[in-house]
Amino acid sequence: MAYGLTLDQVRKTNRPTPRPTRWGSVTSLTEMAEYSMYRVDILPGASQPLHFFASGYQAFVECGEVVARSLDDAGRAQAGTVGAGEVLPLPRFHVHGFSSAPGAVVYLFGPRSAEGLHEFPVETEEAAATAFHALNQSELSCVGQPTADVREKYWGQIETILSEDVAAKRIFVQKGGQGSLEFHVEKRETYYIHSGLVKVGLRIGRAENHSIVMSPGESYDVRPGVMHLRIGLEDTVILEVSTRDSDSDSYLVEDGQTYRHIDADQKTATTEKQEQPR
């Protein structure tokens, strides 16, 4: 008789492969049907050509500083800066391009589209480089926006990047910090590890505890109904994308402040050791 999902069904992590470009790289971080998350790496001194997407996205700068160039509805050129920890909405068909003097890592969140993150360029790479170098001599205003709903937790911090049908968060788990064991009925979510080392604890099957350890560059898709928690093995930054987030769809199983997650194989080994005759 089967008792829910098996370990093989839920423990698989992914290591997405970057697609290199002349100015950096683009990486698709999840294959879930309901949403998308991309990592955009911009090399120091490099510049994207102006382009647009057929879908809308929310951009979040994790590190570095970005110069965001764009064209308004009348075709007039505009530019401003977006710093680390700031967001920038990118509506559908909005013509834009990112450049960075120190280099930057930008995450994009939005709905899944059939064409993926397909760019429609409107200028050459040479023109983009010329425009960026000209802006280096200019004083630019900040066009980035702060994240919303920043919450301090006993295990770290969580801040909202996007809260719509597609939701996105930046999660910081401090070393030794542990969240609560919970599950969702409707919500689907994906973790991507930007930095650090985290253990994702799972409870599946006949209430068996298991864990997977995730390192930078790995992603993990959490199915509805899977009980899960996060444990910081190092200070860790996680980018999360999901379907619409609702507190009413988060069901607490164990309180992270008092619960200790012991894996089934570890518990069995401990029990067998205790039962050995002296």
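The values are calculated or read from the model by the stated rules, or taken from the named source; none is laboratory data. Everything numeric in this text was worked out from a predicted model, so none of it was measured. So basically every Cβ, Gly included, is an ideal-geometry build from the backbone, and we count neighbours across all protein chains shown.
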request  = Could you tell me whether Arg223 is of a type outside the set (Val, Ile, Thr) and modelled with pLDDT under 95?
outcome  = yes
ask   = Looking at this structure, is Gln58 of a type in the set (S, T, N, Q), in contact with a strand residue (DSSP E or B) (Cβ under 9 Å, 6 or more places away or on another chain), assigned by TED's automatic domain parsing to the domain that holds Asn136 and closer than 24 Å to Ala168 by Cα?
value = yes
ask   = Residues Tyr107, Tyr154: which one is surrounded by fewer than 14 Cβ atoms within 10 Å (Cβ to Cβ), of a type in the set (Ser, Thr, Tyr) and under 30 Å from Leu233 (Cβ atoms)?
value = Tyr154
request  = Filter the range 114-127 down to the residues that are small (Gly, Ala, Ser) and under 22 Å from Ser55 (Cα atoms), then identify the one that is surrounded by the fewest Cβ atoms within 10 Å (Cβ to Cβ).
outcome  = Ala114
task = Determine which single condition Gly75 fails, assuming it passes every other condition in (1) at pLDDT below 95; (2) in contact with a Gly (Cβ under 6 Å, 6 or more places away or on another chain); (3) on the phi > 0 side of the Ramachandran plot; (4) not basic (Lys, Arg).
result = (2)
message = Which of the strands (runs of 3 or more DSSP E) found entirely inside the range 214-255 contain at least 1 residues meeting this: buried (at least 20 other Cβ atoms within 10 Å of the Cβ)?
response = 219-222, 227-232, 236-243
remark   = Note on Leu202: of the conditions (1) under 30 Å from Val40 (Cβ atoms); (2) in contact with a His (Cβ under 8 Å, 6 or more places away or on another chain); (3) of a type outside the set (Ser, Thr, Tyr); (4) modelled with pLDDT of 95 or more, unmet is (1)
inquiry  = If I filter the range 161-176 down to residues being touching a Lys or Arg at 6+ places or on another chain (Cβ under 8 Å) and surrounded by 20 or more Cβ atoms within 10 Å (Cβ to Cβ), which single residue comes out as nearest to Arg151 (Cα to Cα)?
reply    = Ile171
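Being among the basic types (Lys, Arg), over 25 Å from Gln48 (Cβ atoms) and within 18 Å of the chain's Cα centre (by Cα) is true for just one of Lys153, Lys169. Which residue is that?
Unique residue meeting the criteria: Lys169.
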Among (1) crowded, with 17+ Cβ neighbours inside 10 Å; (2) within 13 Å of Leu239 (Cβ to Cβ), the one test that Lys187 misses = (2)
inquiry  = Exactly one condition in (1) in the same structural domain as Arg244 (by TED's automatic domain parsing); (2) touching a helix residue (DSSP H, G or I) at 6+ places or on another chain (Cβ under 9 Å) is false for Trp155; which is it?
reply    = (2)
ask   = Residues in the range 92-111: is at least one of a type outside the set (D, E, K, R), within 14 Å of Gln48 (Cβ to Cβ) and in contact with a Cys (Cβ under 8 Å, 6 or more places away or on another chain)?
value = yes
request  = From Val122, Val95, Val106, grab the single residue that is under 19 Å from the mean Cα position of the chain (by Cα) and in the same structural domain as Gly56 (by TED's automatic domain parsing).
outcome  = Val106
key: Candidates Ser25, Ser36 - the one that is in the same structural domain as Val106 (by TED's automatic domain parsing), modelled with pLDDT of 95 or more and hydroxyl-bearing (Ser, Thr, Tyr)   = Ser36
